[in-house]
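A short write-up of the structure that comes next.
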Amino acid sequence: MNLALRAPVATASSLRDAMRHLVSGVCVVTAGVDDDRTGTTVTSATSLSVDPPTMILCLNRSTSVWPVIRQYRHFCINILAEHQQQIADRFAGRDRVKGVARYAGTHWSVLATGASALDGALAAIDCELDHDVEWHSHAIVVGVVKALRTGGGNALIYSHGRYGIYPRP
């Protein structure tokens, strides 16, 4: 019996539902300088290589941060701690705040590239844009790590449309 004939056709909705089962760390990606800063919340950031240190992330091309990454050729991946859910929501646009206003009420530093690093994040990974591929609605973004800073605490995670906490061993 050929089971492939019985499988439902993949749709955007069915793929989204399937991917909700994946537990992911929550990151805020920042780019730009001064009043030209913006950012977004992602669950699609990961290391690509440790030699040389390289990160990869996938971004919807309609997000405000994508053209800023291309313009400034930098970005910072800020891995959020358990107490930073409000920052994740703000950068996800849940309160309709946009651009540089998303940075209000939190403390930021600048590392090597000029992108903003969140003070108190579990890690801030500062990257120079190395390569990007536009693929359908998204961009695959590769960055060479130029600087990083790590902290401590529990990670903010996301699964099935909800936040959670992953306790540090």
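The values are calculated or read from the model by the stated rules, or taken from the named source; none is laboratory data. In this text, all values refer to a predicted model and were calculated from it rather than measured experimentally. Please note: Cβ atoms are built from the backbone with ideal geometry, for glycine as well, and neighbour counts cover all protein chains shown.
Quick notes on this one:
- Total residues in segment 25-53 satisfying the condition of being over 16 Å from ASP89 (Cβ atoms), under 14 Å from the mean Cα position of the chain (by Cα), in a strand (DSSP E or B) and of a type in the set (Ser, Thr, Tyr): the figure is 2.
- Tally, over segment 43-81, of residues that are within 17 Å of GLY99 (Cβ to Cβ) and aliphatic (A, V, I, L, M): 4
- Residues in segment 54-74 that are farther than 15 Å from ASP126 by Cα, not in a helix (DSSP H, G or I) and not hydrophobic (A, V, I, L, M, F, W, C): ASN60, ARG61, SER62, THR63, SER64.
- Meets criteria (assigned to a strand (DSSP E or B), under 17 Å from THR43 (Cβ atoms) and either at pLDDT 95 or above or basic (Lys, Arg) (or both)) for VAL141: yes
To keep it simple, each residue is scored yes or no on (1) crowded, with 17+ Cβ neighbours inside 10 Å; (2) out of contact with any strand residue (DSSP E or B) (no Cβ under 8 Å at 6 or more places or on another chain); (3) farther than 18 Å from ASP35 by Cβ; (4) of a type in the set (Lys, Arg).
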{"residue": "GLY105", "(1), (2), (3), (4)": "no, yes, no, no"}
{"residue": "ASP126", "(1), (2), (3), (4)": "yes, no, yes, no"}
{"residue": "TRP135", "(1), (2), (3), (4)": "no, yes, yes, no"}
{"residue": "ILE157", "(1), (2), (3), (4)": "yes, no, yes, no"}
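- Of the residues making up segment 71-91, at least one is among the polar types (S, T, N, Q), touching a residue at least 12 places away in the same chain (Cβ under 8 Å) and closer than 20 Å to ASP35 by Cα.
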